[in-house]
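Trainee: Starting off with a structure, shown below.
The values are calculated or read from the model by the stated rules, or taken from the named source; none is laboratory data. All values reported here derive from a predicted model rather than from experimental measurement. FYI the Cβ positions are ideal-geometry reconstructions off the backbone, even for glycines, and counts take in every protein chain you see.
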Amino acid sequence: MRAAVVLLLLVVAEAGAEQSDALATELLAAGCNACHGPDGQGSPPVPALRGRDDLHVLLEGWREAPEAKGRAHIMIRFARALDGADTAALAAHYAADDAP
């Protein structure tokens, strides 16, 4: 009985962690959407994020990039505030987002 209770608590904790991760990703995406438009759909000259399969590679590249000027400078600053898990979560979020 005791093992069953511990197992149940672990399952509930894991479900809570997944919901917390999903909420954190939504909050990060809201920051991206401030410039890239609703649902990351973009509006020239700002590119779309939705549907991109290379977003993780781009974000990781900007995290490691030397300082730059112009629009690249803005993305470098934002990307450096993310960790690898954040970039992966954002990439998955926008790649999977098929909202109009």
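Trainee: Quickly run through the stretch 38-91 and pick out the residues that are closer than 20 Å to Leu27 by Cβ and either touching a strand residue (DSSP E or B) at 6+ places or on another chain (Cβ under 6 Å) or of a type in the set (Lys, Arg) (or both).
Mentor: Within the stretch 38-91, Arg50, Arg52, Arg63, Arg77, Arg80 meet the criteria.
Trainee: Test Glu60 against the criterion of being more than 25 Å from Leu23 (Cβ to Cβ) and of a type outside the set (Ser, Thr, Tyr), and give yes or no. Before you say what the answer is, go through the steps one by one.
Mentor: On the way: more than 25 Å from Leu23 (Cβ to Cβ): no; of a type outside the set (Ser, Thr, Tyr): yes.
Answer is no for this residue.
Trainee: In the stretch 51-70, which residues are touching a helix residue (DSSP H, G or I) at 6+ places or on another chain (Cβ under 7 Å), among the basic types (Lys, Arg) and either modelled with pLDDT of 90 or more or assigned to a loop (DSSP other than H, G, I, E, B) (or both)?
Mentor: The answer is Arg52, and nothing else.
Trainee: Continuing with this model, one more query. From the list Ala48, Ala29, Ala22, which residue is within 12 Å of the chain's Cα centre (by Cα) and modelled with pLDDT of 90 or more? Before you say what the answer is, go through the steps one by one.
Mentor: Values: Ala48 fails: within 12 Å of the chain's Cα centre (by Cα); Ala22 fails: modelled with pLDDT of 90 or more.
After applying the criteria, what remains is Ala29.
Trainee: Only one residue in Ala48, Ala34 is in a loop (DSSP other than H, G, I, E, B) and either in contact with a helix residue (DSSP H, G or I) (Cβ under 9 Å, 6 or more places away or on another chain) or not acidic (Asp, Glu) (or both). Which one? Please lay out each step first, then the result.
Mentor: On the way: Ala34 fails: in a loop (DSSP other than H, G, I, E, B).
Criteria check complete, one pass: Ala48.
Trainee: Exactly one condition in (1) over 18 Å from Ala95 (Cβ atoms); (2) at pLDDT below 90 is false for Ala34; which is it?
Mentor: The single condition Ala34 does not satisfy is (2).
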